[in-house]
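Everything below concerns the one structure shown next.
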Amino acid sequence: MMGAAKSAPREEIVDGTGTSVRAQRPNGVTEPSAKPAAGPPICALTLPQQIADHLGHRIMQGECPPGSRLKEEEFAEAYAVSRGPVREAFRILERRGFVEIVPRHGARVRAFDPADLAALFSVRAVLFGLAARQATERRSAELVSLLGVEVARLGRSAEAMDISPRAHALIAGDAQHLIARFSGNRPLLRMLEEMTSRALWRMAWTDPPLDLTTQPRRQQSARFWSDLLAAIRSGDAAEAERIARSLLEASRDHMIAAMAARRPRVAAEFVERAG
């Protein structure tokens with residue numbers, strides 16, 4: 001399990017207008033990287049958060065199978081840090097749903113629970129609705145301009161079907177980030193980044209993806225975004241909140257339907273526990 005753990009965690013700083021990638025050496029020195037390291041983007045700057053993101057990516061790639069133990073001393077050696085940052089990284093991964101910490105037994109990788117994914121989308125829908133309301137109330141012309149670019153990209157995806165479901169979802173994620181950033185609510189932005197960039201929702205875009213696989217579904221997604229842009233442009237905060245919530249709830253419901261078709265027993269628990 002530890003064969004790939006020697007890779008150093010990486011740091012990617014996202015400021016909402018562009019992305020700067022830096023690779024961090026085990027000794028803490030950062031240097032520009034011409035080619036981003038494999039793995040999900042992160043916005044955190046602390047060492048435990050970097051380790052958690054790097055290790056979380058490895059878990060999602062199956063390098064650390066469900067039920068396997070994560071030993072502090074092994075990862076401390078692999079990342080060339082003390083056990084303290086590793087211990088805190090495990091706590092972060094526990095909050096993200098990747099590991100469970102058992103008293104006197106340490107941390108181990110959790111089995112993926114699809115109900116967690118449904119519940120996560122429900123929470124994100126509420127938070128994103130609030131972000132859309134607050135961003136609309138601020139009436140930023142810059143947001144309308146930048147969001148228009150992303151909405152146009154989603155419209156092209158829906159008509160041409162020339163990109164993958166995951167690529168469509170990533171464009172939508174960029175659009176969500178814009179709205180959250182222009183809401184002016186920094187705690188809300190951090191919470192949405194945590195959920196969108198690193199949490200279990202990414203499981204929806206593994207092979208095979210659970211959503212955005214058909215043209216009618218992408219067209220529905222594009223209409224949601226077009227309507228949301230129109231609400232923000234007109235200054236209708238209540239309508240913007242409603243559409244934003246509906247957008248993510250639709251994605252949640254389509255994933256449930258996809259799972260029902262593939263794994264009926266699991267999907268039944270998915271619906272019951274998501275409430």
**Asked** When ranked by the protection proxy of mean other Cβ atoms within 10 Å per residue, highest first, what sequence do the peptides 76-82, 189-195 form?
**Response** 189-195, 76-82
**Fill in**
A chain fully extended from R87 to I163 at 0.36 nm per residue, minus the present Cα-Cα distance, gains in nm 23.4 nm
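Using 0.36 nm per residue, how much length does the chain from A111 to R138 gain when fully extended, once their Cα-Cα distance is taken away?
Details: separation 27, 0.36 × 27 = 9.72 nm, distance 4.19 nm.
Here the answer is 5.5 nm.
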**Asked** So what's the gap between the Cα centers of the range 74-98 and the range 240-256, to the nearest angstrom?
**Response** 34
**the range 247-258 - phi-based ³J(HN,Hα) in whole Hz, Karplus 6.51/-1.76/1.60, Gly and Pro as x** = 4, 6, 5, 5, 4, 4, 5, 5, 5, 4, 5, 5
**Asked** So what J values fall out for the range 120-128 if you push phi through Karplus, 6.51 cos²θ - 1.76 cosθ + 1.60 with θ = phi - 60°, rounded to Hz, Gly and Pro as x?
**Response** 5, 5, 5, 5, 4, 4, 5, 5, 5
**Fill in**
In terms of the alpha carbon gyration tensor, root eigenvalues a ≥ b ≥ c, rounded if a/c is under 1.5 and otherwise prolate when a/b exceeds b/c or oblate, the range 209-253 is oblate
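Read-outs throughout are calculated quantities, based only on the coordinates presented, and are distinct from any laboratory measurement. Everything numeric in this text was worked out from a predicted model, so none of it was measured. Cβ atoms come from the backbone with ideal geometry, glycine included; neighbour counts cover every protein chain shown.
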